[in-house]
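The values are calculated or read from the model by the stated rules, or taken from the named source; none is laboratory data. Not measured: the values here are computed from a predicted model. Don't worry about glycine lacking a Cβ; one is built from the backbone with ideal geometry, like all the others, and counts go over all protein chains shown. Accessible surface areas use protein heavy atoms only, side chains included; no ligands, DNA or RNA. Shrake-Rupley method; radii C 1.70, N 1.55, O 1.52, S 1.80 Å.
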Amino acid sequence: MDKPCTLLVHFDKGSAAMANEIKADLEGSDVAAKVEAMKRAVMLLLNGETLPTLFITVVRYVLPSEDHTIQKLLLLYLEIIDKRDAAGRVLPEMILICQNLRNNLQHPNEYIRGVTLRFLCRLSEPEVLEPLVPSILENLEHRHHFIRRHALSAISAIYRLPHGDQLIPDAPELVERALASEQDASARRNAFLMLCLCGQERAVAYLFSNAERVTEWPDLLQMAAVDLIRKVCRSPNRADKGRYIKIIISLLSSPSTAVVYECAGALVSLSSAPTAVRAAANTYCQLLSSQSDNNVRLILLDRLNELRMAHRDVMVDVVMDVLRALSSPNLDVKRKVLDLVLDLLTPRNVEEVVLYLKKEVVKTQSGELEKGGEYRQMLVQAIHACAVEYPEVAGSVVHLLMDFLGDTNVAAAVDVVLFVREIIETNPKLRVSMIQRLSDTFYQIRASRVCSIALWILGEYSLSLSEVESAITTIKQCLGDLPLFTLSEEGETTDSSKPTQPMVNSVTVSSRRPVVLADGTYATQSAATEAISTPPVTAGSLASTLNLRSLILSGDFFLAAVVACTLTKLVLRLEEVQPSKAEANKACTGALLVMTSILQLGLSSYLPQPIDNDSYDRIVLCVRLLCNTGDDVRKIWLQSCRQSFAKMLAEKQFRETEEMKAKSQISHAQPDDLIDFYHLKSRRGMSQLELEDEVQDDLKAATGGFSKETDDANRLNRILQLTGFSDPVYAEAFVTVHHYDIVLDVTVINRTKETLQNLCLELATMGDLKLVDRPQNYTLAPESSKQIRANIKVSSTETGVIFGNIVYETSNVMERSVVVLNDIHIDIMDYISPATCADVTFRNMWAEFEWENKVAVNTVIQDEKEFLNHVIKSTNMKCLTPPSALDGECGFLAANLYAKSVFGEDALVNISIEKQVDGKLSGYIRIRSKTQGIALSLGDKITLKQKGGS
């Protein structure tokens with residue numbers, strides 16, 4: 001369809017509707033058949049059919065009908081038929097319609113008048129409208145508001161036509177008079193909107209004359225007033241801006257939530273005064289607590305976050321109001337609330353915030369909340385962030401959180417133990433109580449990773465004699481009695497693995513893990529047949545106190561190596577703090593017995609998988625170390641590990657501080673800019689809000705807040721040449737990317753001496769791009785130019801291609817001429833931006849995402865770090881691997897990169913490269929994402945850029 005469409009109706013193309021049948025039904029006297037025939041005719045016309053002979057039938061048999069439904073369908077039919085011929089002149093038969101429309105506008109029935117006036121809003125032919133103008137104006141004074149309302153809309157639409165001011169020259173004046181006496185809410189809104197569009201000064205005068213009564217206006221009219229204020233105040237240096245702000249402030253008390261929301265947004269855009277921003281923030285918070293729709297809440301949180309970026313000092317005061325939105329059951333809302341609150345922490349409010357979060361953590365224990373585990377994990381991460389930034393609050397929450405080390409949600413438990421590890425290093429005062437609590441709660445831990453980190457904490461931070469002995473005792477209790485298996489078990493396990501043993505389920509299960517009997521003793525393989533009637537193994541029985549034993553017997557030898565290292569550290573420290581040599585030797589012997597038992601288990605056939613080489617070497621190293629300890633080795637084990645961890649924390653803090661500094665950089669004003677001194681201002685007749693607003697404007701001017709610097713070079717880079725210089729039509733496009741939209745501003749120049757007729761820019765797209773509208777036909781004079789704008793919607797992060805041609809006609813040549821355009825490639829870099837995420841989150845996404853694109857390294861760059869920096873710059877991603885991990889020269893490099901698209905898609909990249917003997921780099925760049933498009937597009941980009949070119 002080349003013509004514009006004002007009507008959209010679903011139509012089943014499979015249904016047959018012949019023009020002859022429609023014509024026969026229209027000529028009949030059955031009203032129901034006529035209605036159905038008109039509906040079919042309208043649907044066919046909307047779907048491209050012409051039905052050329054139907055018009056006279058409609059005029060003869062449908063026009064005289066008094067049925068309201070038929071009259072409504074008749075107006076829809078008239079709306080969509082072609083009213084002009086090929087030359088652009090109005091068809092002569094349209095004159096037949098004019099008399100009918102005039103009769104409808106004077107019809108005694110209000111409905112007929114109203115729908116006819118509404119139809120005239122969509123009519124754009126001045127020749128048809130001109131004879132109807134007097135009848136339209138008469139309806140302005142009709143007694144029924146339904147007619148007055150549509151009469152005002154019709155006048156507004158006609159006046160806004162290209163020559164509409166000639167049809168009704170005094171329209172703004174007439175509408176202003178009608179508005180002054182109008183009582184109906186919708187009619188007043190239509191009149192006010194007409195003045196806003198066509199006579200802005202009259203609309204402003206009406207607004208100011210009714211400024212005291214704006215709060216009494218209906219919500220439709222209040223919304224129109226807010227839109228007018230936004231539009232008027234866009235022009236800089238408005239002298240009467242304070243009067244508009246007063247009106248907006250008064251509208252914040254409106255009972256309509258839509259009006260209140262719009263007023264808050266308008267207030268922030270108009271003024272930076274603290275009073276105005278505070279009023280907007282309070283309004284958003286009230287809406288946040290009163291609205292139950294999650295989408296509305298997410299939008300409100302976005303608005304509050306925008307306020308936070310521009311006016312953080314004001315937003316700090318409403319942080320507790322924002323926190324109340326955690327009552328929402330939706331996890332996305334909770335996540336946004338926590339992110340916003342963490343950015344608003346200050347020494348004044350941090351204790352209050354942490355106390356509220358602590359109460360929320362306690363609520364998650366009840367089990368009433370849906371997805372309580374995920375919510376608890378978010379709360380733990382939020383409290384962790386609070387405690388890192390303000391260490392003084394850690395003491396009030398750390399003991400409560402340590403109760404969740406045995407959480408069934410492993411991710412939440414990992415977050416807790418990472419929080420404990422960081423706090424115990426940064427808060428030495430809490431060390432003693434935290435070590436004691438960790439020893440007491442260690443048996444509750446279920447997850448292997450949590451056990452590993454908890455063991456490291458016990459090994460590093462157990463310093464006194466009692467703490468070391470308590471830690472060793474805790475580990476031994478969780479391992480249970482040694483050995484971990486007997487030789488008879490091993491032999492029978494080997495036998496039971498043969499296919500000739502069909503036996504009972506309990507025997508097979510117990511061949512891998514020891515079974516706890518009713519009296520608390522362990523059943524062996526041979527005794528399992530007697531224990532068939534015993535209750536099954538549960539987390540409460542086996543894992544309650546013997547968590548390390550159950551995890552090691554399940555084949556987790558990495559954890560076994562961590563146990564060996566922890567025991568080694570504890571024994572070495574015990575030798576320093578234990579005065580009795582005999583006790584120290586006894587502990588050393590016990591540790592060696594544990595390690596040899598683990599090695600024996602790993603080398604036996606008791607478990608289906610033997611111990612891995614890394615874990616074996618690690619445990620053997622611990623055994624040798626305890627047998628022969630040197631001072632240098634002792635220093636490495638007891639001091640260097642902790643120093644490395646402290647260095648890692650310090651570097652993390654430094655990176656975060658640097659990022660904050662980079663974000664807080666502000667633009668500076670020019671040295672010759674005007675300075676307006678606040679104390680020298682005239683304050684006569686100004687309210688406090690107006691004074692604050694003027695001061696904030698002055699401050700913005702002084703700090704360069706108003707100056708919008710445009711990068712002209714970058715702008716020129718976005719101009720693409722579409723045709724050659726020797727083509728009869730030259731075209732170039734300026735591409736603007738607005739996240740979900742691409743706007744092409746195409747300049748077309750006629751380089752010939754002839755007039756080009758019906759010139760059309762035809763575009764097509766490839767990828768997830770969609771043309772919004774088809775550009776129209778134009779006539780181009782010799783050597784003149786034309787700006788054509790095309791809008792394209794983008795639905796995903798994928799490299800798209802726009803291609804097309806320019807088609808035109810000349811008077812000399814009968815056929816249409818075509819100029820093919822160069823392709824426009826839409827770059828993925830316009831849609832992704834650097835982002836950051838935790839290592840755990842990165843690994844989880846890496847395991848979860850199914851699309852992978854593997855790109856082999858092929859580059860002339862010979863330095864690993866230089867190549868990494870080149871890839872980061874080319875892909876617009878952020879390197880998650882800390883700089884300290886990339887220091888040094890070792891011949892290979894591995895790093896993780898991360899970015900997020902405007903559509904919320906995650907892009908993960910892993911670079912693994914190695915320097916060959918000849919100095920060249922080899923390796924792979926692996927890209928993973930949830931969708932195919934971003935993985936392929938990013939891979940193509942890297943392949944194109946990695947060689948080291950621009």
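Annotations
- Using a cut-off of 18 Å between Cα atoms, the listed pairs Lys371/Lys930; Lys647/Lys878; Lys647/Lys900; Lys39/Lys72; Lys358/Lys647; Lys900/Lys930 include Lys371/Lys930; Lys647/Lys878; Lys647/Lys900; Lys358/Lys647 as exceeding that distance.
- Full-extension gain in nm, Thr473 to His825, via 0.36 nm per residue minus C-alpha separation: 120.0 nm
- At full extension, Gln200 and Lys920 could sit 252.3 nm farther apart than now, given 0.36 nm per residue minus the alpha carbon distance.
- FRET E, pair Glu130, Gln932, Förster distance 41 Å, beta-carbon r, rounded to 0.05: 0.10
- Sequence of Tyr616, Tyr740, Tyr284 from largest to smallest accessible area, 1.4 Å probe: Tyr740, Tyr616, Tyr284
- For region 286-378, with all protein chains in place and a probe radius of 1.4 Å, 45% of the accessible heavy-atom surface sits on carbon or sulfur.
- Label positions at Arg102 and Val362, each projected 7 Å from the Cα along the C-beta direction, are separated by 8.2 nm.
- Computed P(r) (all Cα pairs; region 545-646; 10 Å bins; percent): 15, 44, 31, 10, 0
- Span per principal axis, largest first, for the Cα atoms of region 243-348 (Å): 41, 32, 18
- Summing +1 for each Lys or Arg and -1 for each Asp or Glu among the other residues whose beta-carbon sits under 14 angstrom from that of Cys196 gives +4.
- Rough spin-label spacing in nm, given labels placed 7 Å along Cα→Cβ, for Ala185 and Thr755: 5.3 nm
- Think of region 182-302 as a dipole: +1 on every Lys or Arg Cβ, -1 on every Asp or Glu Cβ, centred on the Cα centre; then among Ser290, Ala191, Ala264, Ala264 lies furthest on the positive end.
- Heavy-atom surface of region 40-183, accessible at 1.4 Å and reported per residue (Å²): 47 Å²
- A Förster distance of 22 Å, applied to the separation of the beta-carbon atoms of Cys837 and Lys371, puts the FRET efficiency at 0.65.
- Sparsely packed trypsin sites (Lys or Arg not before Pro) within region 724-772, loop by DSSP, other Cβ within 10 Å at most 13: Lys753
- Computed E for Asp240/Glu389 - FRET, C-beta separation, R0 45 angstrom, nearest 0.05: 0.50
- Protection proxy ranking, peptides 433-443, 46-56, 178-188, 403-413, average beta carbon neighbours within 10 Å, highest first: 403-413, 433-443, 178-188, 46-56
- Taking every alpha-carbon pair in region 777-855 and binning the separations at 10 Å intervals from zero gives 11, 27, 23, 16, 11, 9, 3, 0 percent.
- Tyr730 accessible area, assembled protein chains, probe 1.4 Å, Å²: 30 Å²
- Taking all protein chains together, His163, His145 sort by accessible area into His163, His145, largest first [probe 1.4 Å].
- Solvent exposure of Thr215, expressed as accessible area, is near 60 Å², computed with a probe of 1.4 Å over the protein chains only.
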